[in-house]
Each structure stands twice: as structure tokens, then as C-alpha cells.
1. Translational diffusion coefficient of region 1-132 at 25 °C, 0.890 mPa s, Stokes-Einstein with Kirkwood Rh over Cα pairs, in µm²/s as a whole number.
2. To the nearest 500 deg cm²/dmol, what mean residue ellipticity at 222 nm is calculated for the chain from DSSP H runs of n ≥ 4 alone, each contributing -39,500 (n - 2.57), summed and divided by the residues?
3. Just grab the label-to-label distance for residue 46 and residue 153, each label 7 Å out from Cα along the Cβ direction, in nm (one decimal).
4. For region 96-143, what class follows from the C-alpha gyration tensor (a ≥ b ≥ c being the square roots of its eigenvalues): rounded when a/c is under 1.5, otherwise prolate if a/b is larger than b/c, else oblate?
5. Pop the C-beta distance of residue 62 and residue 144 into the FRET formula with R0 = 25 Å and round what comes out to the nearest 0.05.
6. Starting from the Cα gyration tensor of region 112-169, take the square roots of the eigenvalues, sort them a ≥ b ≥ c, and report rounded, prolate or oblate (rounded when a/c is under 1.5, otherwise prolate if a/b is larger than b/c, else oblate).
7. Rounded, prolate or oblate: pick one for region 1-61, where a ≥ b ≥ c are the square roots of the eigenvalues of its C-alpha gyration tensor, a/c under 1.5 means rounded, and failing that, prolate if a/b is larger than b/c, else oblate.
8. Over the chain, what is the relative contact order in whole percent, taking alpha-carbon pairs under 8 Å and six or more residues apart?
């Protein structure tokens, strides 16, 4: 991913938080079998032996991608945050010079690492508990995997395979009009809010 210096996010804690906030990602593998991308929810955990963290996800046993994940298989996980079209009409400098064009603001995080498949039922059950708890925590009545009959969840667990990725590199790009003069940034922020789209409203919060 090409990242100009003014759009580069170097803070590892922020990148990890973005992954947690936008945890539905894209798992990409490229080997002699070709390139494959799968859209899956991830759970990020922290360990003492990995400063970047461990990513965990799962796929259907019928999805043969897990069979390509031998121990240490290089993979790429991509996480996409908010994005929004930026109109040049929001720039105050448009009236002065006319030297403005449309662009797009967005947040993207790339996590590179080595992956392996996990078929251990206890690991998968624990992973599903963590993943569910992560997304149910904000619910008024959080659902737990233990709320379902154990024979039912055990049967479903047998139908999936876990994937664990030791993250070895994190890169983040936050394109939020940082390269523009302050008044143009303020114009973009106001324009996104006035436009009223949810993703634009979220993107406006990243503009300083």
C-alpha cells in the first residue's frame, strides 16, 4: 500500500484499535495455488511474544483456503475503516484559484503475518466465545455461545476451522485531508456533516 508521509499512521496502539473497531476484514493468501480473498470477522488478541498482536478468525470447513495454510504461510489481512467522497466545492480556495479536484478520504490498515489452520475444538470454542463477546458487549441483553444447546454448538463447531495469524507488520493509512490548509480541512469537515451520510459523518471525526 502506497502511503505518503502525511497520511501514514505509525502509532501501533491506534492501528490495533482501528482493527478492533473495524474488525470485519479481508484475508488474502497468494501462493502457487493462486490468489484468494475471503471476507471474515477477526478477533485481535495481545501476547507477550508478539508486539503487533495475534489475529484469529474461522472459515467453513468446506472452504478449502484453510488447507493452503501450512504453518508459517504468509498472508495479508486488510481492514477498511470509514471512507467518503470529498467534493472540491467544499474548499474555500476553490473560489480563489479554481485549482481543486475531487478526492476520497479513507482509513485502511494492512496486517501481514504468518498463518496456520487450527482444528482443535477447544481452541475454536474459545475463539467463538471471544469473538461473540466482542460484538455482544454493547447489547442490552448480550447473547453468549453458552445460551445455545451444547450439542447444537458442538455440531456447528465441527463444521468450521480456525485460523491464527501472528502479525509481523502493521501499516495504516488515514487519508483525512491532512495535506490541505486548515480552512479547506474545515470546509471538508463541514461538508461531510452537512451531506448527512453515515460514513461521511464518521469520516468527519477523523479530520483535525
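Each value in this text was obtained by applying a stated rule to the coordinates, not by laboratory testing. This one's a predicted model, so the numbers in the text were calculated from it and none came from an experiment. Quick reminder, even Gly has a Cβ in these numbers, built from the backbone with ideal geometry, and neighbours come from all protein chains shown.
1. For the chosen part, D equals 142 µm²/s.
2. The helix contribution divided over the chain gives -8500 deg cm²/dmol.
3. Going by the 7 Å Cα→Cβ label model, 2.6 nm.
4. oblate
5. Working from the Cβ atoms, E equals 0.40.
6. Judged from the Cα gyration tensor, region 112-169 comes out oblate (a/c at least 1.5, b/c at or above a/b).
7. Cα axes put region 1-61 in the oblate bin.
8. It rounds to 27 percent for the chain.
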